[in-house]
1. Quick check on region 74-83. Is at least one of its residues surrounded by fewer than 24 Cβ atoms within 10 Å (Cβ to Cβ), closer than 29 Å to Q28 by Cα and of a type in the set (S, T, Y)?
2. Can you find, within region 213-224, the residue that is surrounded by the fewest Cβ atoms within 10 Å (Cβ to Cβ) among those that are farther than 17 Å from T190 by Cα and either touching an Asp or Glu at 6+ places or on another chain (Cβ under 7 Å) or without any contact (Cβ under 8 Å) to a residue 40 or more places away in the chain (or both)?
3. For residues that are farther than 10 Å from A14 by Cα and touching a Ser or Thr at 6+ places or on another chain (Cβ under 9 Å), scanning just region 45-57, find the one that is surrounded by the most Cβ atoms within 10 Å (Cβ to Cβ).
4. How about region 250-270: which of its residues are among the β-branched types (V, I, T) and outside any strand (DSSP E or B)?
5. Hey, can you tell me all the residues within region 377-428 that are part of a helix (DSSP H, G or I) and more than 18 Å from the chain's Cα centre (by Cα)?
6. Suppose we filter K387, K371, K379 for residues that are surrounded by fewer than 20 Cβ atoms within 10 Å (Cβ to Cβ) and in contact (Cβ under 8 Å) with a residue 12 or more places away in the chain; which single one remains?
7. Kindly indicate whether any position in region 111-131 is assigned to a loop (DSSP other than H, G, I, E, B), surrounded by 19 or more Cβ atoms within 10 Å (Cβ to Cβ), out of contact with any helix residue (DSSP H, G or I) (no Cβ under 9 Å at 6 or more places or on another chain) and among the charged types (D, E, K, R).
Amino acid sequence: MKTESKTIAYDLQASSFNWEIAPGKAIQAWGFNEQLPGPVLRANAGDTLVVRLTNNLSEATTIHWHGICLPAAMDGTDATQRPIEPGEVFEYRFVVPDAGTFWYHAHQNETVQMERGMYGALIVDGDTDPVVDGEQLFMIDDMKLDANNEFTEPAWFLPRMIERHDGRQGDTLLLNGKEDLVINAHAGQTERWRFINSSSARYFRLYLGGKEFKIIASDGGLLEHPMAVTEVLITPGERVDIAVGPFAEGETFAMESLAYDRTTFLKAKRETFASVKVGAARPSVAHIPDRLRTIEPLTDQGAVTTRRVTLSVVPLLRDQKDIRVNNTVHGNDKPVMVGELQVWEVANASLMDHPFHLHGFFFQMIEEDGKAPAFRAWKDTYNVKPKSTIRIAWMPDNRPGTWMYHCHIIEHHAAGMMAHFDVVDGSKPYGRPAPAHKHHHH
């Protein structure tokens, strides 16, 4: 049964406020509607979302709708809109075409704004979502706080360089804005748990005490088939939906992130984010089918590469412009024509991992280091391992304008690992859209 499309309106206020991350432990957060994460926005695929943002911060901001295939003017970057100054109101209005787990976050001075809590979830329900007994949403984050629970800036040259290199990773581990979250579930039931990695730089290797769970969806919604696993890596910007349970009454287990070595100065370690407590049994109506949907391949492994993108980290201590795309910082890449299949080769020439994020469009993995992926999915963020090359395919539909791709480790994006490109309607004469790009990242 097709759901009738409607318009759903939300009001958001961006402001600074006190937020308790644990009993008696408060931080000075920045966020939406004085909560961290911001409100969960929810709609059905095909609905029109109208979000009025009032900026009560002391600096300009914007909202990027991560993973939503929307018009360029609504993408929320400084390439597509004038940043919203303090006291101003801006109305975002767009259709949410795809079902899945998405999120929204500041796309202005991100290393400060996102670190302090400027993010929230956007859930789009679809007519073919599997039936589950319940649903929980987890936004993964960490914060780097001092002994007074205040956000710190590295004071010295070397710690600053290390943070730029590693990305900001802190010891205050948050799920849904809380330390040591307790997750309640009913025995005998299967739930859908939606994970969003909203951290600056943390690689989250989800582990539930060795229990098997099924990956059912990725960035762009449902996979073709559920994948049974005992762990899954979720990198900054990525989303993973899993079907978990049924569990036994009275059991408890930890939700952990196993160590993942992304070649940083900081040593990777196994860490606990939350504990799961299983309560009284309840009957189940859940049904996770073996086939969730069909994803038509855009192309095959033999497709010819149309563009090469190189991510690099040049160890130049003196020059700050060391984290690059195509050997430049905050660059401009060639335009892309509407309707022309894109086959991009994204090479990571550096010795550390980079989650590659494409704005406004989903892509399919063709291959990683020559090997076809184990399963087909729609992605907008994908981890490119050190010294490896991925090939992706995507189709620019008729949404002309300025878009970007970048590393979703926020410090790497800020340092320059990002590029703009225009999607151009080939039937119209090509003129660069106004206003011109101003780079005021720092």
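The values are calculated or read from the model by the stated rules, or taken from the named source; none is laboratory data. Model, not experiment: these values are computed from the prediction. So basically every Cβ, Gly included, is an ideal-geometry build from the backbone, and we count neighbours across all protein chains shown.
1. Checked region 74-83: at least one residue is surrounded by fewer than 24 Cβ atoms within 10 Å (Cβ to Cβ), closer than 29 Å to Q28 by Cα and of a type in the set (S, T, Y).
2. G220
3. The residue in question is L49.
4. Within region 250-270, T263, T264 qualify.
5. Just the residues of region 377-428 that are part of a helix (DSSP H, G or I), to begin with: 410-415.
Across region 377-428, the qualifying residue is only A415.
6. Details: K371 fails: in contact (Cβ under 8 Å) with a residue 12 or more places away in the chain; K379 fails: surrounded by fewer than 20 Cβ atoms within 10 Å (Cβ to Cβ).
Just one listed residue meets the conditions, K387.
7. Yes: region 111-131 contains one or more residues that are assigned to a loop (DSSP other than H, G, I, E, B), surrounded by 19 or more Cβ atoms within 10 Å (Cβ to Cβ), out of contact with any helix residue (DSSP H, G or I) (no Cβ under 9 Å at 6 or more places or on another chain) and among the charged types (D, E, K, R).
So that you can scan it fast, the table gives a plain yes or no per residue for (1) touching a strand residue (DSSP E or B) at 6+ places or on another chain (Cβ under 8 Å); (2) part of a loop (DSSP other than H, G, I, E, B); (3) surrounded by fewer than 20 Cβ atoms within 10 Å (Cβ to Cβ):
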site: E163; (1), (2), (3): no, no, no
site: N184; (1), (2), (3): yes, no, yes
site: R202; (1), (2), (3): yes, yes, no
site: K211; (1), (2), (3): yes, yes, yes
site: P236; (1), (2), (3): yes, yes, no
site: F247; (1), (2), (3): yes, yes, no
